[in-house]
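Heads up: the structure comes next, in structure tokens.
The values are calculated or read from the model by the stated rules, or taken from the named source; none is laboratory data. These numbers were taken from a predicted model, which means no experiment stands behind them. In this analysis, Cβ positions are derived from the backbone assuming ideal geometry, glycine residues included, and neighbour counts consider all displayed protein chains.
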Amino acid sequence: MVKNVMDWVEDRTGAVSGVKHLLYEEIPGSSGWHQVLGSVAMFCFLVQFVTGILLALNYAPTPPDAHASLRFILTELTGGRLIRGLHHWGASMMIVVVCLHMIQVFLWGSYKKPREATWMLGVVLLLLTLGFGLTGYLLPWDNRAYWGTVVTTQITAKAPLAGPYILRLMGSDNGQIGVQTFARFYGAHVLLLPPLMMLLIGLHVFLVRRHGVAPAPVETAPAKKFYPGQVFKDTLAIFIMFSILFALATLARVPLGKIADPTDSTYIPRPEWYFLFLFQILKFFEGPLEIIGSMVLPGVAVGLLFATPFLDRGAAVKLRQRTFAIGIVFLAAIGWGGLTVAAMRSTPYKEPWQNFTAEEVAAVGAFRQAKCWQCHGVIPGDHKAGPNLADITIHEERDALVAHFKISAPDSGLRDLQLRQLATFMRKLDDESVGAIASAPGPVVGGAMLYMKSNCGICHSINGAGGKTGTPLNGVAKRRNRAWMEGHFIDPQKYSPKTIMPRYAFDAAGMASMLAYMETLKD
Amino acid sequence: MMGAITAALGIPALGYLLVPAREKKQQKWIEAVALTDLRQDTPEQVVFQRVHRDGWKLVTENAVAWVVKTGEKEVIAFSPLCTHLGCAVSWHPSDQTFVCPCHTSSFSPDGKVISGPAPRSLDRFDVRVDGIKVMLGEVKQSAEG
């Protein structure tokens with residue numbers, strides 16, 4: 001029966017012999033583990049393809065809904081976190097695997113005649129992979145996405161002659177990015193790049209087949225078949241890669257930040273890690289030399305990659321004798337690693353609560369005072385009786401939340417104003433700020449509650465919120481030390497003779513926490 | 001004939017992708033801040049509302065300017081976008097400079113480049129002082145250097 005069906009399929013389509021032809025292709029006896037990376041890269045693409053389609057089925061591709069729909073995917077759809085995690089980490093994974101694949105081919109010298117075109121197509125595929133990363137980066141439409149893309153568009157805008165046209169092509173109008181840029185990036189990411197990628201992967205694989213898998217310089221073992229030995233090795237490598245990817249997607253949560261805000265000057269843009277080295281290079285070239293960092297060096301690097309098979313035309317030699325190639329890979333790795341580490345180290349890190357207003361930090365205090373944490377976790381995976389706030393979006397109206405607080409924590413000792421502020425804060429929580437409920441230091445939170453209770457915000461401002469009569473408090477801790485600040489609370493006129501600030505004689509504990517809070521306001 | 005078909009598709013496609021959308025002039029002057037809220041020679045971050053046309057959408061959005069009162073009726077308003085790659089600069093009172101967080105370009109209180117890769121001074125808004133109202137117009141690109 002099965003045989004009859006197979007015979008029918010073979011007769012009408014040739015599929016059976018086609019598959020056999022693919023599986024029983026002869027490969028050199030030296031083939032082995034070092035050649036699994038191409039298959040792994042292709043599988044990475046497949047994972048991106050499937051998870052990308054799944055995301056698109058629940059995603060509204062226009063700002064500002066893009067952000068809201070992604071938040072919906074993450075917090076309200078089953079498996080949403082996982083699928084987004086796979087797609088996010090899959091992108092990084094694909095870059096890593098594609099680069100490893102390229103390094104392997106480079107080290108073994110497999111680009112040599114007659115495989116030059118296969119190599120050059122591979123370089124194009126690398127660029128397409130980076131193109132996916134670049135266009136996909138904007139799609140979550142949070143601050144990271146927005147500001148990262150501002151920098152990208154500005155870099156390309158500096159291209160000689162073509163700059164303004166490239167900028168127009170990316171839908172950007174005099175440096176601003178908006179709905180048009182978004183539409184173009186989304187269109188490229190889901191409509192333009194995928195078919196192009198599939199076509200070129202097909203050609204790449206066709207060329208690999210046409211010329212056969214690259215043999216060792218001296219083949220000692222007899223040729224073997226692709227199936228089953230190499231197929232097993234490829235499958236196992238794919239399985240290992242996917243296990244790592246799956247672990248990343250479940251264990252390393254990718255936060256969706258605050259919705260893109262073009263006026264948020266506190267946000268420090270950083271590109272995705274694989275572009276960090278380029279970002280760092282830009283620091284070394286000033287003024288008219290800038291073009292060297294942004295265009296010439298990357299251009300030369302890509303040009304050299306394309307030209308590799310023509311620069312190195314010597315006969316194939318053993319890996320051990322390819323000292324020059326090994327040296328190049330080694331130097332490139334050191335250069336890339338050094339630049340990336342330098343960029344990471346120069347990234348100032350701010351705890352999310354350091355961007356909070358005093359009202360928000362004080363709300364963290366209210367959360368703790370009312371012991372909300374007895375029922376609600378705020379760290380992913382912290383299971384308690386009530387919903388984990390890191391996993392949900394709070395839709396309840398403010399007054400409904402206040403009523404919930406009063407019923408659940410009747411003895412919190414919080415005033416109605418504090419409960420309303422807590423409710424407002426709860427409704428604003430996002431992936432990045434929710435962790436602050438657990439991480440903000442106790443004394444700082446206490447200081448912020450005292451700050452609110454003493455109505456300091458009527459005259460002073462913190463992180464842009466508050467009155468303008470008094471000095472903004474951000475930066476005070478950079479200019480003054482703790483003793484000065486303490487003295488200034490107790491007797492303001494002694495330190496600033498003309499000030500109208502009244503005296504604040506906090507008790508010892510209150511003063512300690514107030515100063516702890518003030519000391520975090522360095523900039 | 002193939003050439004004609006290519007041209008008939010290609011030329012409109014290029015125009016479609018490259019030519020800016022036809023746009024109505026946006027509102028010209030916006031009241032951003034009162035003169036009395038500014039302190040002499042101290043840059044103030046001013047957030048004001050403007051109606052901005054973003055593609056097919058008309059959005060009322062917050063915009064930012066760093067506004068400095070330089071004389072009795074004289075005001076300068078800088079765009080917050082670094083002239084290097086468009087990150088938002090902020091004022092650091094302790095060393096009296098505008099600093100960009102991306103590639104550490106810094107600018108003097110009058111917008112000139114002190115250090116870093118920025119190619120030109122901070123861009124300025126057109127400014128009109130109307131009584132005590134500080135009105136901001138369009139951003140004008142600063143000269144090179």
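Kindly evaluate A:D65 against the criterion of being among the acidic types (D, E), crowded, with 21+ Cβ neighbours inside 10 Å and either within 21 Å of A:P271 (Cα to Cα) or within 14 Å of another protein chain (Cβ to nearest Cβ) (or both). So A:D65 fails the test. Scanning region A:137-178 for residues that are closer than 14 Å to B:L17 by Cα, facing chain B (nearest Cβ under 8 Å) and part of a helix (DSSP H, G or I) yields a count of 3.
Across region A:71-91, the number of residues qualifying as out of contact with any helix residue (DSSP H, G or I) (no Cβ under 7 Å at 6 or more places or on another chain) and either at pLDDT 95 or above or surrounded by 21 or more Cβ atoms within 10 Å (Cβ to Cβ) (or both) comes to 1. Every condition in (1) closer than 19 Å to B:P119 by Cα; (2) of a type outside the set (K, R); (3) part of a strand (DSSP E or B); (4) at the interface with chain A (Cβ under 7 Å from one of its Cβ atoms) holds for B:F98 except the one numbered (4).
Residue by residue through region A:312-346, note down the ones that are under 30 Å from A:G163 (Cβ atoms) and either among the aliphatic types (A, V, I, L, M) or surrounded by fewer than 12 Cβ atoms within 10 Å (Cβ to Cβ) (or both).
A:A332, A:L339, A:A342, A:A343, A:M344
None of A:P472, A:P497 is buried (at least 16 other Cβ atoms within 10 Å of the Cβ) and not hydroxyl-bearing (S, T, Y) except A:P472. Only one entry in A:Q154, A:Q176 is on the phi < 0 side of the Ramachandran plot, in contact (Cβ under 8 Å) with a residue 60 or more places away in the chain and among the polar types (S, T, N, Q), namely A:Q176.
What are the residues in region A:268-280 that are surrounded by 17 or more Cβ atoms within 10 Å (Cβ to Cβ), more than 7 Å from every other protein chain (Cβ to nearest Cβ) and not charged (D, E, K, R), if any? Don't jump to the end; show me each part of the working.
Just the residues of region A:268-280 that are surrounded by 17 or more Cβ atoms within 10 Å (Cβ to Cβ), to begin with: A:268-272, A:274-280.
From what's left, more than 7 Å from every other protein chain (Cβ to nearest Cβ): A:270-272, A:274-280.
Hits for region A:268-280 are A:P271, A:Y274, A:F275, A:L276, A:F277, A:L278, A:F279, A:Q280.
One residue stands out among those in region A:179-196 that are more than 10 Å from every other protein chain (Cβ to nearest Cβ) and surrounded by 16 or more Cβ atoms within 10 Å (Cβ to Cβ): the one that is nearest to B:A13 (Cα to Cα), which is A:A188. Only residues that are of a type in the set (G, A, S) and either at pLDDT 85 or above or closer than 14 Å to A:V341 by Cβ (or both) were counted across region A:270-307, and they come to 4.
Using the structure shown, decide if A:S39 is among the small types (G, A, S), touching a residue at least 40 places away in the same chain (Cβ under 8 Å), assigned to a helix (DSSP H, G or I) and on the phi < 0 side of the Ramachandran plot.
Values: among the small types (G, A, S): yes; touching a residue at least 40 places away in the same chain (Cβ under 8 Å): yes; assigned to a helix (DSSP H, G or I): yes; on the phi < 0 side of the Ramachandran plot: yes.
For A:S39, the condition - among the small types (G, A, S), touching a residue at least 40 places away in the same chain (Cβ under 8 Å), assigned to a helix (DSSP H, G or I) and on the phi < 0 side of the Ramachandran plot - is met.
Restricting the search to helices (runs of 4 or more DSSP H) fully inside region A:384-456 and requiring at least 2 residues that are β-branched (V, I, T) gives A:398-408, A:442-453.
Scanning region A:501-516 for residues that are without any contact (Cβ under 8 Å) to a residue 12 or more places away in the chain and over 17 Å from A:G447 (Cα atoms) yields a total of 1.
For region A:405-460, the candidate set comprises residues that are closer than 20 Å to A:P387 by Cα and surrounded by fewer than 15 Cβ atoms within 10 Å (Cβ to Cβ); within that set, the residue that is farthest from the chain's Cα centre (by Cα) is A:P410.
Rundown of residues vs (1) closer than 18 Å to B:V33 by Cβ; (2) crowded, with 17+ Cβ neighbours inside 10 Å; (3) not hydroxyl-bearing (S, T, Y), yes/no style:
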site	(1), (2), (3)
B:W56	no, no, yes
B:V59	no, no, yes
B:A63	yes, yes, yes
B:W66	yes, yes, yes
B:T70	yes, no, no
B:S90	yes, yes, no
B:S94	no, no, no
B:V99	no, yes, yes
B:F107	no, yes, yes
